[in-house]
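The values are calculated or read from the model by the stated rules, or taken from the named source; none is laboratory data. Small disclaimer: the values here were computed from a predicted structure and weren't measured. So basically every Cβ, Gly included, is an ideal-geometry build from the backbone, and we count neighbours across all protein chains shown.
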Amino acid sequence: MDIDITNNSVNSPKELHTARKLGIIFTVIGISLLALLAFLIALYKMNDSQLDAQTTSTSATIHEKIDAENDTLYKPTYEFKVNDKTYICESFISSSIRPDEGNVTIYYESANPNNCASDYTRTGARFFYFFLIIPVVFIIVGIVFIVTSTKRLKNSSSSNGATASQQPPTIPSSSGADLSQGYNLS
């Protein structure tokens, strides 16, 4: 079934109901994705706000892997010291941008140095804000489908002839009864 509600062609009520259902599905998916991304961003922000100290890494290991498109992805692991104890700060983000192998700034929580992030991780995490475009597009497409199909359904039901309230009154059958029962026949 080919549903095209964007032009002015007439669609059957079945197609319009299907388009409206599709619009509802798109809107629900968009709102769900938006809520999930907002939750993940809030978690990231909350964790990032706990990183109240910083130091410089003492060494770096860059892990490489080839993805399905044959691109190389990099994921750094940095070592750093706090109070003469060595900690490891591993990025949770892989990127096609090769990270710095030198001494980089490491942000960590002073009460728990295992909670840490590098500039590489912080920069990569900000990239997730661009993913907010996807649920917004789903929501917009869903709303367009809902509004357009609903308008077309209303227009098609009102243009399918006069409604019962617009029908002229019928004269009762003449079975010997007075034909002027409440009707002005003059």
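General observations
- Looking only at region 59-110, and only at residues there that are assigned to a strand (DSSP E or B) and of a type in the set (Gly, Ala, Ser), the one that is modelled with the lowest pLDDT: SER95
- Identity of the residue in region 120-139, touching a residue at least 12 places away in the same chain (Cβ under 8 Å) and among the β-branched types (Val, Ile, Thr), that ends up surrounded by the most Cβ atoms within 10 Å (Cβ to Cβ): THR121
- Subset of region 1-57 [assigned to a loop (DSSP other than H, G, I, E, B) and at pLDDT 90 or above]: LEU51, ASP52, SER57
- Contacts under 6 angstrom Cβ, first residue in region 91-105 being at negative phi, partner part of a loop (DSSP other than H, G, I, E, B) and not aromatic (Phe, Trp, Tyr), 6 or more apart: SER96/ASP71; ASN103/SER57; VAL104/SER57
- GLY30 vs. criteria touching a Ser or Thr at 6+ places or on another chain (Cβ under 8 Å) and closer than 30 Å to SER149 by Cα: no
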